[in-house]
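Take a look at the structure below.
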Amino acid sequence: KDPIGTDPEITDVNEVTTKVTLDVLEDNSMTGPIDIFTFDDDRAGHLDSYQRMDTFVGSSIGIRSQSGRKKVFICANLQRSIYDWTGINSIEALDEVYLELQKERRGSLYATAEGEVTAGSPVVSQMEMRRMASEIVLQSIRCDFRGSAYEGEEITDVCAYLTNVNAQCPLTSDGHIVPG
């Protein structure tokens, strides 16, 4: 069997396709590739299958895997090549993946979805795509110039600098935030 699941000529007779409905982001910002990881839902959590879709349109997606209970992790717009995922062989390995936030593009923000499915079941599972980015909004600046030479003056030409902001974040919610 193809270890990454990219060769359409290599198939397994036990492979099934499970339908998942994605609640996509309202601004349709899923413009980059979609990576789909399916893990066995057991103590080891080994990788069952990996799929990559270069484009995604609509809200329904077919996930290929072996039959049984599975945990599914879907990520969009990560700007990682298919080869960047070769070390992912379990859920724990996925928890160690960090994203470089400075590489994110404003028009295609990072987004993820995760959930559980029973592969081979006719039941359609539903997952919600959630953005990973946070946005800092500066709404006002106040300074108290009373009793100084600047009393009554207005602040102009303001620049704001952020300190202690992480350049990386964990891909999964179980990943540990490491200051950097």
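The values are calculated or read from the model by the stated rules, or taken from the named source; none is laboratory data. What you are looking at is a predicted structure, and each value in this text was computed from that prediction instead of being measured. Cβ: placed from backbone, ideal geometry, glycine included. Neighbour counts: every protein chain shown. What goes into the accessible areas is simple: the full protein's heavy atoms, side chains included, and nothing from ligands, DNA or RNA. Shrake-Rupley method; radii C 1.70, N 1.55, O 1.52, S 1.80 Å.
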>> For a protection proxy built on the mean count of beta-carbon atoms within 10 angstrom, sort 100-108, 142-150 highest first, please.
In response: 100-108, 142-150
> From a point 7 Å beyond the Cα of T172 in the direction of its Cβ, which residues of region 69-112 have a backbone N at a distance under 15 Å?
Replying inline: 70-75, 85-99, 112
> Treating the beta-carbon of each Lys and Arg as +1 and of each Asp and Glu as -1, no other charges, what is the dipole magnitude of region 31-93 about its Cα centre, to the nearest 20 debye?
Replying inline: 120 debye
> Once the dipole of region 69-160 is set up with Lys and Arg at +1 and Asp and Glu at -1 on Cβ about the Cα centre, which of C159, S125, C75 lies farthest towards its positive end?
Replying inline: S125
> In the full protein assembly as shown, how much of I88 is accessible to a 1.4 Å probe, in Å² to the nearest 10?
Replying inline: 20 Å²
